[in-house]
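Nothing in this text is a laboratory measurement; each read-out follows from the coordinates by a stated rule. What you see is a predicted model, and the numbers here were worked out from it, not measured in a lab. Cβ sites come from the backbone with ideal geometry, for glycine too, and all protein chains shown count toward neighbours.
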């Protein structure tokens, strides 16, 4: 399989203002890795509070039609994963 660079893929997209595409029928797929940097954890927050913070951020910025995907590399690169084709 011939692999293209990410920058060449990006250049295929047409720039669109975010206000023009937001609507109640849209579905957003969010990178979980990116999301980790968007919400600041306060000291002594428990798991429930952290989860609520992420949900609030997602609902505020993207509405209720959103999915978060974590697709990073496994620590053991010999295992099968969604990124296995990247290693060929």
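Which order do the peptides 52-58, 35-41, 7-13 take when ranked by the mean count of other beta-carbon atoms within 10 Å per residue, highest first?
Details: 52-58: 14.6, 35-41: 11.4, 7-13: 7.7.
By packing density, highest mean first, the sequence is 52-58, 35-41, 7-13.
Test of understanding: what is the full-extension gain from residue 35 to residue 70, defined as 0.36 nm times their sequence separation minus their Cα-Cα distance? Could the numbers behind the result be given before it?
Details: separation 35, 0.36 × 35 = 12.60 nm, distance 0.97 nm.
Here the segment from residue 35 to residue 70 would lengthen by 11.6 nm.
Report the label-to-label distance for residue 25 and residue 49 in nanometres (one decimal), using points 7 Å from each Cα along the Cα→Cβ vector.
4.2 nm
Please list log₁₀ I(q)/I(0) at q = 0.16, 0.21 Å⁻¹ for region 22-71, using the Debye equation with identical point scatterers on the alpha-carbon positions.
Ignoring solvent entirely, the Cα scatterers give -0.48, -0.77.
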